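Since the structure comes first, as structure tokens, the remarks are kept for the end.
The values are calculated or read from the model by the stated rules, or taken from the named source; none is laboratory data. Everything numeric here is computed off the predicted structure, so don't read it as measured data. Virtual Cβ from ideal backbone geometry, glycine too; neighbours counted across all protein chains shown.
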Amino acid sequence: MKIKTALSAGLAAAALAAPAAAQEWYVGLYAHDITVVGETLGLGAAGREEGAGIHLGYRSAPFDSLGWLGRPQAHAFVSINSNNTSNFVSLGLDWKIPLSERFYLRPGFGLAYTDGAAGLPPVNAPGLTPQEQARRLALYRSRIDFGSKLLFNPQLALGFRFNDQVATEFSYTHLSNGQIFHTGKNQGLDDAGIRLVYSY
């Protein structure tokens, strides 16, 4: 009985582990706070922050149980800004849509949390000293005011698979509160770059 139980447990574990072949890790280098895409789409891009973004992420195997939703993959990634301004972590779902044998499109959506600014003090408040006004103006010119620490994170990538294990993706990701997590300030962040994907 114990052997049968152990065998059943082993088979169950193997079944759960089987989709691991479709799991992925990725690392990317991104231009931080670009304005072209955000302004074109009216997403409130700020164009204030400098530096580059380094993205480190993980994707699960596709969820077969969510076939009605297109078998999405769960993703989790962290974005680290080289100037240590607006870093963030993101959790969400994305979908791999084949375009040809090697090319594919990958739209995604998630929620993010940032350590960036949310609620910068107003520059035109009455009674400010010239020094304090200058300090606030410098912040306004160099930091994005997200309005909220919790943000929406839509994404889009175009991928090319070299082989079964290695791919590269040209990726765009956006952050903003969508006037849902906060009313008022809604300065967004747009990152665009390239990432290397390893499947196992």
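In this structure, does Val78 turn out to be under 23 Å from Gly47 (Cα atoms) and of a type in the set (A, V, I, L, M)?
yes
Does Ser142 qualify as being in contact (Cβ under 8 Å) with a residue 60 or more places away in the chain, out of contact with any strand residue (DSSP E or B) (no Cβ under 8 Å at 6 or more places or on another chain) and polar (S, T, N, Q)?
When the stated conditions are applied, Ser142 passes them.
I need a count of the residues in the range 94-125 that are over 18 Å from Gln187 (Cα atoms) and at pLDDT below 90.
Within the range 94-125, residues that are over 18 Å from Gln187 (Cα atoms) and at pLDDT below 90 number 2.
On the given criteria, is Ala22 under 12 Å from Tyr198 (Cα atoms) and at pLDDT below 90?
yes
Restricting to the range 50-101, count the residues that are touching a helix residue (DSSP H, G or I) at 6+ places or on another chain (Cβ under 9 Å), more than 30 Å from Ser142 (Cβ to Cβ) and not hydrophobic (A, V, I, L, M, F, W, C).
Looking only at that region, the number is 7.
Return the residue satisfying two criteria in turn: it lies in the range 118-157 and is under 20 Å from Phe77 (Cα atoms) and not polar (S, T, N, Q), and of such residues it is surrounded by the most Cβ atoms within 10 Å (Cβ to Cβ).
Residue satisfying both the conditions and the ranking: Phe146.
Does Ala167 satisfy the criteria of being in contact with a helix residue (DSSP H, G or I) (Cβ under 9 Å, 6 or more places away or on another chain), in a strand (DSSP E or B) and within 21 Å of Phe103 (Cα to Cα)?
No, not satisfied.
State the number of residues belonging to the range 164-191 that are over 22 Å from Ala74 (Cβ atoms), surrounded by fewer than 19 Cβ atoms within 10 Å (Cβ to Cβ) and either in contact with an Asp or Glu (Cβ under 6 Å, 6 or more places away or on another chain) or modelled with pLDDT of 95 or more (or both).
1
Name the residue that is modelled with the lowest pLDDT, counting only residues in the range 49-70 that are among the charged types (D, E, K, R) and within 19 Å of Asn153 (Cα to Cα).
Glu49
Among the numbered conditions (1) among the hydrophobic types (A, V, I, L, M, F, W, C); (2) modelled with pLDDT of 90 or more; (3) loosely packed, with under 14 Cβ neighbours inside 10 Å, tell me where Val89 comes up short.
Val89 satisfies every listed condition except (3).
Among residues belonging to the range 154-200 that are hydroxyl-bearing (Ser, Thr, Tyr) and more than 17 Å from the chain's Cα centre (by Cα), point out the one that is farthest from Gly28 (Cα to Cα). Steps first, please.
So the first thing to find is which residues in the range 154-200 are hydroxyl-bearing (Ser, Thr, Tyr), and the list is 168, 171-173, 176, 183, 198-200.
Then drop every residue that is not more than 17 Å from the chain's Cα centre (by Cα), which leaves 183, 198-200.
Working: Thr183: 32, Tyr198: 12, Ser199: 15, Tyr200: 18 Å.
That would be Thr183.
Looking at the range 177-191, is at least one residue touching a residue at least 12 places away in the same chain (Cβ under 8 Å) and on the phi > 0 side of the Ramachandran plot?
yes
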